[in-house]
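The values are calculated or read from the model by the stated rules, or taken from the named source; none is laboratory data. In this text the structure is predicted, and so the values were computed from the model without any measurement. A quick note on method: Cβ atoms are made from the backbone with ideal geometry, for glycine too, and the neighbour counts reach across all protein chains shown. Surface accessibility is based on the protein's heavy atoms, side chains included, excluding ligands, DNA and RNA. Shrake-Rupley method; radii C 1.70, N 1.55, O 1.52, S 1.80 Å.
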Amino acid sequence: MSAFAADLRVISELGRRSIRQTIRRPQLSAPLIIFPTLLLAIQTGGAGRAVQLDGFPQVDSFLQFMLAGAMLQACMLAGNSGGIALAIDIEMGFTDRLLAAPISRFSIVLGRLAGTAMVGAFTAIWFLAIGLIFGVPISEGVLGVIWIIALVAATALAFGGIGAAIALRSGKASVVQGLFPLIFVILFLSTAFFPANLMLAPAADIAEYNPLSFVVEGLREPIVSAFSGPDSLKALASIGGLGAIGFVTSALALRGRVKRGG
Amino acid sequence: MSNFRANVAMIRALVRRSSNELLRVPGAAIPGVLAPTIFFLGITSAFGGLTLLPGFTTSSYQSFVIPVSLMQGAAFTGAATGVNLARDIEQGWFDRLLASPAPRPVLLAGIVLSASLRSLIPATILLIIAFAIGAHWPGFLGLGIALVVVMGMATVAATWGTSLAFRFKSQSAAPLMQAGMLLFVFLTTAYAPLDLLTGWLQDVARINPVTQVVEAARQGFVGGVTWGDTWPGLVALAGLAVLLSAMALRGMRRMTA
Amino acid sequence: MAAIETEGLRRDFAGGIVAVDGVDLAVEEGEIYGFLGPNGAGKTTTVRMLVTLLRPTGGRATVAGYDVADQASDVRKSIGVALQEAALDPLMKGRELLQLQATLHGIRKARGDELADSLLDRVGLTKAADRRVGTYSGGMRRRLDLATALVHEPKVLFLDEPTTGLDPVSRQAVWQEVSDLNDEGTTVFLTTQYLEEADMLADRVGIISDGKLVAEGTPEALKAQVGKPHLELSLASADGVSVSSEGNDAEEDKAEEVLARFGKLLPPRDGKLLVEVAHGASDIAPVIRALDDSGLAVESLDLVEPSLDDVFVEKTGQHLEGDDDAVDGAAEPEPAAAE
């Protein structure tokens, strides 16, 4: 078996393990789906009248507007909980066992990320299903759905990289867990929940340049109106950028950890 | 020593012990303490435009949301109390208390009272930041009522958290402790006045007793304080506290059944 | 009045599991009672019922004269409890823990502070009193746990595996403390997985297996029940080389004939001849003399007395895990020297 094929097997095995972990540790997986779903329900009920405001984009309903934000939120939480799981592995010494195995070191991280991407794809399907159940039309139809699932999986992968980097750097689950509120800070400073033109300053100005706004707009356009070339490109570029940051920082953190001897 | 004095001493000792969580591992408490403020800043920045809707009762969305974030802080504190108790049960510490002759209601009071005192910490931080960015000053009476309500809500959330801790005896029930109370807090007039809520949430908020609690805490920030807006909230809190305390006590007694 | 008395004590759990199945025992005031049993035998469940952390589902139990189910509060006032997984809050300081425990027993603050000081001194933790429990060693934790169980001068003290996992020196310290307490009149109910501990400390021992009390008595009486002491000996042949197991049958037959005069012969083991003797050590000299008279030379001889482990194996069909571990550990081959 070639080295590459061996690595792939390791990645897929570790990916399956990370998905099993997500399912078997309800305290990790529950917040990931339940939290964004509850927030979605509360926000659509509480701020639903916002669609009547002057300057609100043309949408079918507030729920239609909010779906993209909920998916993005779930991706960030998935990245965070993947990081927590990795940190727990480090605390328990499981990672050391993998590092001692004759496999490419980065496949340890890639395995975890593969699992996170799968979880991301699942959240996309979950929220699209919620939309369909409550009568939200997906403007771009089946093609749009496929595009969204792929984009959400890629986003989860990117955030998984960042979560893994923090886990590898700190080696402590509590540190990664502590980032939870930070996720909401960044989200609230994007157009995930509300259009930028109706947000208050200074958040509105930050949202204009927040890469998360680009990601969420790229996810939102095919739901509420139509594919837009520039929006899709900006989304892809943002995801690519976030992914690159996650990749490089976790590679560095992994090297640091190996150098320090665990 | 009289029973009453002994019981007060026990409660005080238990409160002191649980303050260790805060004083001796300060790092661990920071996310929970800051979270309500972060949510406050986030919600007001994102949804601030809602005050432009016709029929919205105030022009300052910050003033409108303060009580919600205060309740959220209280709910978090209560949930954290439940998680800590679950850990104490898992590690066997709680057996020490159960095997002592301390009356069961005293043990519960010690746990719950510390939550209600602790809830003033996230509340203080939130209020300082909110006033700094321009929320309305609610007057001393309005502020006093809001703080009493915060402590009451923390009591309710702590009895909820402890009930679940006794039931599940495991920290993995944490999401249930947190989500349960947050739902109670947010399925109210959290984001907008009752008339502006959409469909189902309007119905739920109308019957949710915590809506009265939020409104009682809110009154000073968005207008004048009246007895008519105060007593329903206090009654709702008292009712929830009695109900959930009974549940928690029953749970504690079942621990040794 | 017995300090602890149970009649048909029983505990069922969901799913038809009977953890404790009709246990009758009586512990007299001032006794140290050792409670032995393999894991899952019902040891901990019994203790939890006696200390009011679990209600019996059948039978009854009194501790210090109070019913554990109906007078739980009075029981709690009369007992001190140190449970297996020493549940100590790592964030608290040793002194604080003792003060809290005193408060929980309704002791006034000034008195509680005094008690804390004297107990810390008693268990040798005065220097560590103002350090967090999280920094304590295993032995220090056990000693602190023992001290907390003593704040209200309990009549009956329950110790659940008080020395499990401790090093020999710390174990010795705990034993000394328990034995001192007993001298002062405290009744002690002790569970343990170390037979040596039960042998050293306990006035009487009860063995629980599958939820039932299968044996009870003083360690000596129990040992006597399972068998008399026996001698294990091997013979030297005329030329001074030891007789192998397949060896000189004639000599062996002759030896057996001689030995049979002293007691029942047991089947030979590992090439050694075994014979029960009635009196133990005082039988050694006559046996050697008799063999010598028959022209047989003894190469080695051991007097083997029954241990509590033999009692345990006979009554429960298994070894006690604590001792088992020790045996396994000793039997493990040394790691290769070259590494």
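Which one is nearest to B:LYS169 (Cα to Cα) among residues in the range B:98-111 that are touching a residue at least 24 places away in the same chain (Cβ under 8 Å) and within 7 Å of chain C (Cβ to nearest Cβ)? Let's see the steps before the verdict.
Step one: of the range B:98-111, the residues touching a residue at least 24 places away in the same chain (Cβ under 8 Å) are B:98, B:102-111.
Add one more test, that the residue is within 7 Å of chain C (Cβ to nearest Cβ), and what stays is B:98, B:102.
Values: B:LEU98: 14, B:ALA102: 20 Å.
Looking at the filtered set, the residue picked out is B:LEU98.
Looking only at the range C:89-122, count how many residues are small (Gly, Ala, Ser), within 17 Å of B:ALA102 (Cβ to Cβ) and in contact with a Lys or Arg (Cβ under 9 Å, 6 or more places away or on another chain). Can you show your working first?
As a first pass, look at the range C:89-122 and keep what is small (Gly, Ala, Ser): C:94, C:102, C:106, C:110, C:112, C:116, C:118.
This time we only want the ones that are within 17 Å of B:ALA102 (Cβ to Cβ), so: C:102, C:106, C:112.
Those still in the list that are in contact with a Lys or Arg (Cβ under 9 Å, 6 or more places away or on another chain) too: C:102, C:106.
Summing the residues that are small (Gly, Ala, Ser), within 17 Å of B:ALA102 (Cβ to Cβ) and in contact with a Lys or Arg (Cβ under 9 Å, 6 or more places away or on another chain) in the range C:89-122 gives 2.
Checking the condition farther than 22 Å from A:ALA226 by Cβ, at pLDDT 90 or above and surrounded by fewer than 16 Cβ atoms within 10 Å (Cβ to Cβ), which residue from A:ILE125, A:ILE133, A:ILE146 passes?
Numbers: A:ILE125 fails: farther than 22 Å from A:ALA226 by Cβ; A:ILE146 fails: farther than 22 Å from A:ALA226 by Cβ.
So the residue among A:ILE125, A:ILE133, A:ILE146 that is farther than 22 Å from A:ALA226 by Cβ, at pLDDT 90 or above and surrounded by fewer than 16 Cβ atoms within 10 Å (Cβ to Cβ) is A:ILE133.
Please go through the range C:141-176 and give me each residue that is surrounded by fewer than 20 Cβ atoms within 10 Å (Cβ to Cβ) and closer than 24 Å to B:SER100 by Cβ, ordered by number.
C:GLU153, C:LYS155, C:THR164
Under 6 Å by Cβ, and 6 or more places apart or on different chains, what pairs join a residue from the range C:56-70 that is in the same structural domain as C:VAL18 (by TED's automatic domain parsing) and β-branched (Val, Ile, Thr) with one that is open to solvent by 40 Å² or more (accessible area, probe 1.4 Å) and assigned to a strand (DSSP E or B)?
Close Cβ pairs satisfying both conditions: C:THR57/C:ARG10; C:THR57/C:ASP12; C:THR62/C:GLU5.
Name the single residue, out of those in the range A:32-83 being in contact with a Lys or Arg (Cβ under 9 Å, 6 or more places away or on another chain) and within 10 Å of chain B (Cβ to nearest Cβ), that is surrounded by the fewest Cβ atoms within 10 Å (Cβ to Cβ).
Of everything passing the filter in the range A:32-83, A:PHE62 is surrounded by the fewest Cβ atoms within 10 Å (Cβ to Cβ).
With the requirement that a residue be of a type in the set (Lys, Arg) and open to solvent by less than 70 Å² (accessible area, probe 1.4 Å), what does the range C:248-300 give you?
Going residue by residue through the range C:248-300, those that are of a type in the set (Lys, Arg) are C:254, C:261, C:264, C:269, C:272, C:289.
Selection gives C:LYS272 alone.
Residues in the range B:121-131: is at least one under 18 Å from B:LEU237 (Cβ atoms) and away from every other protein chain (no Cβ under 13 Å)?
yes
Which condition does A:GLY135 not pass, out of (1) within 14 Å of chain B (Cβ to nearest Cβ); (2) in a helix (DSSP H, G or I), if it passes all the others?
(2)
What is the one condition in (1) more than 14 Å from every other protein chain (Cβ to nearest Cβ); (2) over 25 Å from A:GLN43 (Cα atoms); (3) open to solvent by less than 30 Å² (accessible area, probe 1.4 Å) that B:PHE140 does not satisfy?
Only one criterion in (1) more than 14 Å from every other protein chain (Cβ to nearest Cβ); (2) over 25 Å from A:GLN43 (Cα atoms); (3) open to solvent by less than 30 Å² (accessible area, probe 1.4 Å) is unmet by B:PHE140, namely (3).
For B:PRO54, work out the one condition from (1) part of a helix (DSSP H, G or I); (2) at the interface with another protein chain (Cβ under 10 Å from one of its Cβ atoms); (3) more than 14 Å from the chain's Cα centre (by Cα); (4) at pLDDT 85 or above it doesn't fulfil.
(1)
Only one of A:ILE103, A:ILE19, A:ILE11, A:ILE108 is outside any helix (DSSP H, G or I) and away from every other protein chain (no Cβ under 14 Å); which?
Numbers: A:ILE19 fails: outside any helix (DSSP H, G or I); A:ILE11 fails: outside any helix (DSSP H, G or I); A:ILE108 fails: outside any helix (DSSP H, G or I).
After ruling out the rest, the residue left standing is A:ILE103.
Only one residue in C:LYS77, C:LYS127 is outside any loop (DSSP other than H, G, I, E, B), surrounded by fewer than 20 Cβ atoms within 10 Å (Cβ to Cβ) and of a type outside the set (A, V, I, L, M, F, W, C), so which one is that?
Working: C:LYS127 fails: outside any loop (DSSP other than H, G, I, E, B).
Result: C:LYS77 is the single residue among C:LYS77, C:LYS127 that is outside any loop (DSSP other than H, G, I, E, B), surrounded by fewer than 20 Cβ atoms within 10 Å (Cβ to Cβ) and of a type outside the set (A, V, I, L, M, F, W, C).
Being out of contact with any Cys (no Cβ under 6 Å at 6 or more places or on another chain) and either in a strand (DSSP E or B) or among the hydroxyl-bearing types (Ser, Thr, Tyr) (or both) narrows it down to one of C:LEU166, C:LEU222, C:LEU181, C:LEU157, so name that one. Walk me through how you get there before you give the answer.
On the way: C:LEU166 fails: either in a strand (DSSP E or B) or among the hydroxyl-bearing types (Ser, Thr, Tyr) (or both); C:LEU222 fails: either in a strand (DSSP E or B) or among the hydroxyl-bearing types (Ser, Thr, Tyr) (or both); C:LEU181 fails: either in a strand (DSSP E or B) or among the hydroxyl-bearing types (Ser, Thr, Tyr) (or both).
That would be C:LEU157, the only listed residue that is out of contact with any Cys (no Cβ under 6 Å at 6 or more places or on another chain) and either in a strand (DSSP E or B) or among the hydroxyl-bearing types (Ser, Thr, Tyr) (or both).
Would you tally the residues in the range B:16-33 being more than 13 Å from B:SER114 (Cβ to Cβ) and within 10 Å of chain C (Cβ to nearest Cβ)?
Just the residues of the range B:16-33 that are more than 13 Å from B:SER114 (Cβ to Cβ), to begin with: B:24-28, B:30-33.
Cutting the leftovers down to within 10 Å of chain C (Cβ to nearest Cβ) gives us B:24-25.
Residues that pass the stated criteria total 2.
C:THR57: hydroxyl-bearing (Ser, Thr, Tyr) and touching a Pro at 6+ places or on another chain (Cβ under 9 Å), yes or no?
Working: hydroxyl-bearing (Ser, Thr, Tyr): yes; touching a Pro at 6+ places or on another chain (Cβ under 9 Å): no.
No: the conditions fail for C:THR57.
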